[in-house]
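Notes follow the structure.
The values are calculated or read from the model by the stated rules, or taken from the named source; none is laboratory data. Nothing here was measured: the structure is a model prediction, and the numbers come from that model. With ideal geometry, Cβ positions are generated from the backbone for all residues, glycine too; neighbour counts draw on all protein chains shown.
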Amino acid sequence: MSSTTTATLDRPLDAPGHRRHVLLVEDTESVRRAVSLGLRTSGFDVTAVAGGAEALAVYAAVRPAVVVTDLSMPGMDGLELVRTLRVRQVEVPILMMSARDSAQERAAALAAGGDGFLAKPFGLTELRDRVTALAESPPHRCGTLAT
C-alpha cells in the first residue's frame with residue numbers, strides 16, 4: 001500500500017516518511033527519462049517536464065524539494081527559469097546541468113540564482129549526492145509563485 005504526502009509551508013518537505021520530490025526540467029526526452037529513472041531509483045519522487053514554462057506551470061502543485069534544470073532549452077531556458085523563480089522569491093534549491101562546462105557557463109548559472117552546477121555527462125552517484133545535499137538544505141529554502 002502506498003500513501004501520498006503533500007508538502008506545505010507548515011510541514012517541511014523532509015518530514016519523516018516523505019520521499020523528497022524533484023522537479024526535473026530537461027528538453028531532451030532521452031536525458032529526461034534517464035535522469036528521472038536515476039532519481040527515482042535513488043528514492044526521489046520526480047515530476048519531469050520538457051521546458052521552463054511548463055516547470056513554472058506545475059511548480060505550485062508539485063512544491064519540489066529541489067529543481068534540477070538543463071541550461072539550454074528552447075523557449076524559456078534554464079537561466080530564465082531560475083531568474084523567474086528568484087524574482088518571485090522562490091528559494092527552492094536549484095541544480096543546473098549543462099553539456100557546456102566552461103567557467104563562464106558555471107558562473108552564469110550561479111549568478112542567475114542556481115545553487116549548484118552539474119556538467120553532462122555525469123554519473124548517477126554524483127547526481128544523487130548533489131540532489132540529496134540540496135534537498136537537505138535548511139528549511140528556509142521554500143517559497144511560492146506569487147506574481
Among (1) modelled with pLDDT of 95 or more; (2) within 13 Å of the chain's Cα centre (by Cα), where does THR84 come up short? (2)
I'm checking my understanding of the structure. Among residues of the range 98-147 that are over 21 Å from TYR59 (Cα atoms) and assigned to a loop (DSSP other than H, G, I, E, B), which one is modelled with the lowest pLDDT? ASP101
Would you pick out the residues in the range 85-97 that are surrounded by fewer than 18 Cβ atoms within 10 Å (Cβ to Cβ) and not in a helix (DSSP H, G or I)? ARG88, GLN89, GLU91
Subset of the range 37-54 that is in a strand (DSSP E or B) and either of a type outside the set (Val, Ile, Thr) or touching a residue at least 40 places away in the same chain (Cβ under 8 Å) (or both) - its residue that is surrounded by the most Cβ atoms within 10 Å (Cβ to Cβ): ALA48
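Could you list, in sequence order, all residues of the range 20-36 that are part of a helix (DSSP H, G or I) and over 17 Å from PRO64 (Cα atoms)?
GLU29, SER30, VAL31, ARG33, ALA34
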On the given criteria, is VAL82 β-branched (Val, Ile, Thr) and either in a helix (DSSP H, G or I) or out of contact with any Phe, Trp or Tyr (no Cβ under 9 Å at 6 or more places or on another chain) (or both)? yes
Residues being closer than 23 Å to ASP101 by Cα, buried (at least 23 other Cβ atoms within 10 Å of the Cβ) and not hydrophobic (A, V, I, L, M, F, W, C) - total across the range 55-74: 2
Enumeration of residues in the range 57-79 that are of a type outside the set (Gly, Ala, Ser) and in a loop (DSSP other than H, G, I, E, B): ARG63, PRO64, LEU71, MET73, PRO74, MET76, ASP77
Is it true that some residue in the range 125-133 is of a type in the set (Lys, Arg) and buried (at least 18 other Cβ atoms within 10 Å of the Cβ)? yes
Looking only at the range 72-127, count every residue that is over 22 Å from HIS21 (Cβ atoms) and not small (Gly, Ala, Ser) and tell me the total. 14
